[in-house]
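K.L.:
I have a structure here, written as structure tokens, and I will follow up with some questions on it.
The values are calculated or read from the model by the stated rules, or taken from the named source; none is laboratory data. Worth saying up front: this structure is predicted, and the values here are computed from it rather than measured. As a convention, Cβ positions derive from the backbone with ideal geometry for all residues, glycine included, and neighbour counts pool all protein chains shown.
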Amino acid sequence: MNNFTYYNPTKMIFGKDTISQIGKQIKEQGINKVLLLYGKGSVIKNGVYDKVVESLKSSGVQHVDFSGVKPNPVLSTVKEAIKAMKDNSVEAILALGGGSVIDSAKAAAAGFYYEGDVWDLFERKAMVNKALPIFTVLTISATGSEMNSGGVITNEAENKKWSFGSPLLYPKVSIIDPTIQFTLPENQTVNGAVDTLSHVFELYFDGTRNTDMMDELSEGIIRTMMKHVKILLKDKENYESRCEFTWSSTLALNGMNGTGRVGDWSSHQIEHSLSAFYDISHGAGLAIVFPAWMKYVQHCHVEKFERFAERIFDIKEGSPEEKGIKAIEKLKEFYKEIGAPISLKEVEIPREDLNKLAENAALLSPIGSMKKLYKEDILKILELCYE
Ligand code: NZQ
Ligand code: ZN
């Protein structure tokens, strides 16, 4: 296990009928006016918006609406939100949504105080020195953004989907009411499951040795997620399964699961290039990229893939290498079963584009820790994505 510092200041309020607490939580921090940030309207349709506004009103917190954040959120929206925040002198941001809305809130919260172009924070030309407080009401579990300090935004003019982060960006308070996710379309539940599993994989398969305790935690999240996503695909309003799903998703990327490890993150980097060019869902892209990456790097940590095969898929026969190969195939079968795409063919990305994609993903190369990847490696992984 590596040395680590673990810090997570987000207060998490979890369970049925908890949304009505948001106004009081914000008021308790001495905040009187928030930017209410949301997406394309699911929160209006499913009643989350009304519940939140009622709670803000009864606590005496004013709000200014800003809607229209799109999935795979873009820089121009963040800049418009910053302008709205300045024009209306808000004191905090309340994000109603999933990763796209929360990440936009994080970028706007940091950009509010930064005098240059907010994209500098993504290019690492500047650090986040100050940020407005962020509150969230999570409506889709996938990214862990509700309880972590990172965000991902697409600079649409440059086709760069990049991340940034700062301890100043942990939400102050996040609310997860799993019943709100009853209205999720099936494919978004699947995306959330794949993203959650991928976060665990990035940490589990990073090449670090002697992480037994953390591996047990990771395997617990993997098993829980694989079990409950299947239940939810048959019974989307199963409250207990929504609870297991939503909390697994948060735990996968709230920092705890990364303690003692470094994290690999190259599959995420490669997927972000797919999303930057084709606007495909993050979860769908990961279902395609991760198994291909696993095949490419399996030889770097054969024992870990053997452990994964034994513990997750109960594969007992064969050499360590053979067990790992079988496990990767089983993972693809699982993705297929839940309706996630498993090949670039399925999402109609042409082979002629692979070079451009590899170049984009390699802009910050080398990437990864299990194996350091350069453009040529990324190209080979992308070719494996057609199998
Ligand atoms: O826009 P609306 O109308 O709200 O619809 C959304 C959106 O279309 C819909 N939705 C959300 N809650 C719903 C609902 N529909 C019905 N009922 C509900 N309760 O779902 C769609 C997807 O929303 P989005 O926020 O894009 O999903 P997700 O949470 O998966 O976020 C994905 C973004 O987060 C980034 C991804 O790259 C992607 O840009 N990530 C952020 C991370 C982080 N901050 O730590 C880490 C991740 O690895 C990831 O990169
Ligand atoms: Zn992810």
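K.L.:
So, in the range 215-233, how many residues would count as being among the hydrophobic types (A, V, I, L, M, F, W, C) and surrounded by fewer than 20 Cβ atoms within 10 Å (Cβ to Cβ)?
P.N.:
Our first condition is that a residue be among the hydrophobic types (A, V, I, L, M, F, W, C); within the range 215-233, this holds for 217, 221-222, 225-226, 229, 231-233.
With surrounded by fewer than 20 Cβ atoms within 10 Å (Cβ to Cβ) added as a condition, the list becomes 217, 226, 231, 233.
Number of matching residues: 4.
K.L.:
Report whether or not K236 is surrounded by fewer than 18 Cβ atoms within 10 Å (Cβ to Cβ) and not in a helix (DSSP H, G or I). I'd like the intermediate steps shown before the answer.
P.N.:
Values: surrounded by fewer than 18 Cβ atoms within 10 Å (Cβ to Cβ): yes; not in a helix (DSSP H, G or I): yes.
Answer is yes for this residue.
Residue by residue, here is whether (1) aliphatic (A, V, I, L, M); (2) outside the structural domain of S141 (by TED's automatic domain parsing); (3) touching a Leu at 6+ places or on another chain (Cβ under 8 Å); (4) farther than 21 Å from G15 by Cα holds:
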| residue | (1), (2), (3), (4) |
| --- | --- |
| T208 | no, yes, no, yes |
| S218 | no, yes, yes, yes |
| K234 | no, yes, no, yes |
| F245 | no, yes, yes, no |
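K.L.:
Give me the residue from the range 34-63 that is in a strand (DSSP E or B) and under 15 Å from T136 (Cα atoms) and, out of that set, farthest from ligand 2 (Cβ to nearest atom).
P.N.:
Applying the first criterion (in a strand (DSSP E or B)) to the range 34-63 yields 34-38, 62-63.
Checking which are under 15 Å from T136 (Cα atoms) leaves us with 34-38, 63.
Working: V34: 27, L35: 25, L36: 25, L37: 20, Y38: 21, H63: 29 Å.
Within the range 34-63, the match that is farthest from ligand 2 (Cβ to nearest atom) is H63.
K.L.:
Something else about it: Can you name the residue in the range 47-72 that is among the basic types (K, R) and touching a Ser or Thr at 6+ places or on another chain (Cβ under 9 Å) and is also surrounded by the most Cβ atoms within 10 Å (Cβ to Cβ) among such residues? It would help to see each step written out before you state the result.
P.N.:
Here is the first cut: in the range 47-72, the ones among the basic types (K, R) are 51, 57, 70.
From the residues that got through so far, the ones that are touching a Ser or Thr at 6+ places or on another chain (Cβ under 9 Å) too are 51, 70.
Working: K51: 19, K70: 14.
Among those that are among the basic types (K, R) and touching a Ser or Thr at 6+ places or on another chain (Cβ under 9 Å), it is K51.
K.L.:
Another question, if that's okay. Could you check, for the range 73-96, whether at least one of its residues is under 20 Å from A276 (Cβ atoms), touching a residue at least 40 places away in the same chain (Cβ under 8 Å), surrounded by 15 or more Cβ atoms within 10 Å (Cβ to Cβ) and within 16 Å of ligand 2 (Cβ to nearest atom)?
P.N.:
Yes, there is a match, as at least one residue in the range 73-96 is under 20 Å from A276 (Cβ atoms), touching a residue at least 40 places away in the same chain (Cβ under 8 Å), surrounded by 15 or more Cβ atoms within 10 Å (Cβ to Cβ) and within 16 Å of ligand 2 (Cβ to nearest atom).
K.L.:
Considering each residue of the range 316-330, count those that are of a type in the set (D, E, K, R) and assigned to a loop (DSSP other than H, G, I, E, B), and give that number.
P.N.:
As a first pass, look at the range 316-330 and keep what is of a type in the set (D, E, K, R): 316-317, 321-323, 326, 329-330.
From the residues that got through so far, the ones that are assigned to a loop (DSSP other than H, G, I, E, B) too are 316-317.
The total comes to 2.
K.L.:
Related question: Can you confirm whether N191 is crowded, with 24+ Cβ neighbours inside 10 Å and either part of a helix (DSSP H, G or I) or not assigned by TED's automatic domain parsing to the domain that holds S42 (or both)?
P.N.:
Working: crowded, with 24+ Cβ neighbours inside 10 Å: yes; either part of a helix (DSSP H, G or I) or not assigned by TED's automatic domain parsing to the domain that holds S42 (or both): yes.
So N191 passes the test.
K.L.:
Still on this structure: For the range 331-350, give me each residue that is in a helix (DSSP H, G or I) and either of a type in the set (D, E) or crowded, with 17+ Cβ neighbours inside 10 Å (or both).
P.N.:
Of the range 331-350, the ones in a helix (DSSP H, G or I) are 331-338.
Listed by number, the residues that qualify are L331, K332, E333, F334, Y335, E337, I338.
K.L.:
Restricting attention to the range 108-141, which residues are surrounded by 18 or more Cβ atoms within 10 Å (Cβ to Cβ) and either of a type in the set (K, R) or under 19 Å from S273 (Cβ atoms) (or both)?
P.N.:
Residues satisfying the conditions are W119, F122.
K.L.:
Is there a residue being touching a His at 6+ places or on another chain (Cβ under 8 Å) and not in a helix (DSSP H, G or I) anywhere in the range 7-23? Reasoning before the result, please.
P.N.:
Filtering the range 7-23 down to residues touching a His at 6+ places or on another chain (Cβ under 8 Å) leaves none.
Within the range 7-23 (the criterion being touching a His at 6+ places or on another chain (Cβ under 8 Å) and not in a helix (DSSP H, G or I)), the answer is no, since none of the residues qualifies.
K.L.:
Then there is this: Out of the residues in the range 142-162 meeting the condition of being assigned to a loop (DSSP other than H, G, I, E, B) and among the small types (G, A, S), tell me which one is surrounded by the most Cβ atoms within 10 Å (Cβ to Cβ). Walk me through how you get there before you give the answer.
P.N.:
Quick first cut of the range 142-162, residues assigned to a loop (DSSP other than H, G, I, E, B) only: 142-144, 148-149, 156-159.
After this cut, where a residue has to be among the small types (G, A, S) as well, the list is 142, 144, 149, 157.
Working: A142: 31, G144: 22, S149: 21, A157: 10.
So, considering only residues that are assigned to a loop (DSSP other than H, G, I, E, B) and among the small types (G, A, S), the one surrounded by the most Cβ atoms within 10 Å (Cβ to Cβ) is A142.
K.L.:
Another question, then. Let me confirm something: among Y49, Y7, which residue is among the aromatic types (F, W, Y) and out of contact with any strand residue (DSSP E or B) (no Cβ under 7 Å at 6 or more places or on another chain)? It would help to see each step written out before you state the result.
P.N.:
Working: Y49 fails: out of contact with any strand residue (DSSP E or B) (no Cβ under 7 Å at 6 or more places or on another chain).
Matching residue, one of Y49, Y7: Y7.
K.L.:
Being within 14 Å of ligand 1 (Cβ to nearest atom) and assigned to a loop (DSSP other than H, G, I, E, B): is that true of G68 here? Steps first, answer last, please.
P.N.:
Values: within 14 Å of ligand 1 (Cβ to nearest atom): yes; assigned to a loop (DSSP other than H, G, I, E, B): yes.
Here the answer is yes, as G68 does meet what is asked.
K.L.:
Evaluate the following for F201: is it outside any helix (DSSP H, G or I), more than 9 Å from ligand 1 (Cβ to nearest atom), of a type in the set (F, W, Y) and buried (at least 19 other Cβ atoms within 10 Å of the Cβ)?
P.N.:
Details: outside any helix (DSSP H, G or I): no; more than 9 Å from ligand 1 (Cβ to nearest atom): yes; of a type in the set (F, W, Y): yes; buried (at least 19 other Cβ atoms within 10 Å of the Cβ): yes.
Answer is no for this residue.
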